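Working notes, beginning with the structure itself.
Coordinate-derived values only; no laboratory data. Note that this is a predicted model, so its numbers are computed, not measured. Methodologically, a virtual Cβ is constructed for each residue, glycine included, from the backbone with ideal geometry; neighbour enumeration extends over all protein chains shown.
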Amino acid sequence: MSIQKLIILGILKQGPKHGYEIKKIIKKELEVFASLENKSIYYPLKTMEEGGLIKKKKVSKECGKIERHVYSLTSLGDKEFLKLAMATLLSQKRPFIDIDIPLYFLPYLEKKKVFVHLRVKKKFLEKVRKWLTDNLKRKDEFSPHQKLLLKHHLNLLNAEEGFVNEVMKIVKN
């Protein structure tokens, strides 16, 4: 939950937000960079509120709309955000890529099916490449640090594409 916590606290560092608004920001801007297991945003918000990291304020109903809560960062939450961000920057955890596990067992898999699945993966990577390059071209919408993040993922994608191509050659023969 620490990456999810870091993301939510970072979003609230930008200012108070409704739960649904937080979920939309994660989906639109961050989901491509981080794997989040929890589909519901409200459980982690409740946990962080109970831990004193955030507070919620009830917003009065507008005509025809449901009652909402606005979440904001507490001073403890601000400290936790900084602690998590620095710890994550210093992390020496190696990235593990799920494709490596089936490749370990490659001799037991049907090569034709593996090849077909790798072609599907390659198409997916092409879509991601298009998304990344299109967003890198949008000069005014991203800050320098966000562009750096996009470039980082483009570099990772290049390495992954090269690796998939190499595996496809091996499987084809």
Revision key, fill the gap. Across all Cα atoms of the chain, Rg and the largest Cα-Cα distance (Dmax), in Å, are 20.4, 66
**Study point:** 0 to 90° range, to nearest 10: angle between helix 111-137 axis and the chain longest Cα axis
**Key:** 50
Practice item. May I ask you to evaluate 6.51 cos²θ - 1.76 cosθ + 1.60, the Karplus curve with θ = phi - 60°, for each residue of the range 73-79 and list the ³J(HN,Hα) values in order in whole Hz, giving x for glycine and proline? Key: 7, 9, 5, 5, x, 5, 5
**Study point:** Contour excess over end-to-end distance, with Cα ends at Arg138 and Asn165 and 0.36 nm allotted per residue
**Key:** 6.8 nm
Check your understanding: Can you pull out the GluC sites (Glu not before Pro) in the range 4-100 that DSSP calls coil and that have at most 14 other Cβ atoms within 10 Å?
Key -> Glu31, Glu37, Glu62, Glu67
Point to revise | 5 angstrom amide H check on His69, placed H, neighbours 5+ away | key: Gly19, Val59
Point to revise | Kirkwood Rh and Cα Rg combined as Rg/Rh, the range 84-173 | key: 1.08
Exercise for review: Using 0.36 nm per residue of separation minus the Cα-Cα distance, give me the extension gain between Lys172 and His117 in nm, one decimal.
Suggested key: 18.6 nm
Practice item. Once you've got the GNM for the chain with C-alpha springs shorter than 10 Å, pick whichever of Leu53, Leu154, Leu89 has the biggest mean-square fluctuation. Key: Leu89
Review point. Per-residue HN-Hα couplings for the range 9-22, Karplus 6.51 cos²θ - 1.76 cosθ + 1.60 at θ = phi - 60°, whole Hz, x for Gly and Pro?
Key: 5, x, 5, 6, 4, 6, x, x, 8, 6, x, 5, 5, 4
Study note, to complete from the structure: Set Lys55/Lys151; Lys28/Lys127; Lys56/Lys79; Lys13/Lys46; Lys27/Lys127; Lys5/Lys130, cut-off 23 Å on Cα-Cα distance; pairs above it are Lys55/Lys151; Lys5/Lys130
Check your understanding: Taking the chain as a Gaussian network, Cα atoms linked when under 10 Å apart, which of Ile11, Ile22, Ile66 shows the biggest mean-square fluctuation?
Key -> Ile66
Practice item. Choose one answer from Phe96, Phe163, Phe115: the residue with the largest mean-square fluctuation in a GNM of the chain with alpha-carbon springs under 10 Å. Key: Phe96
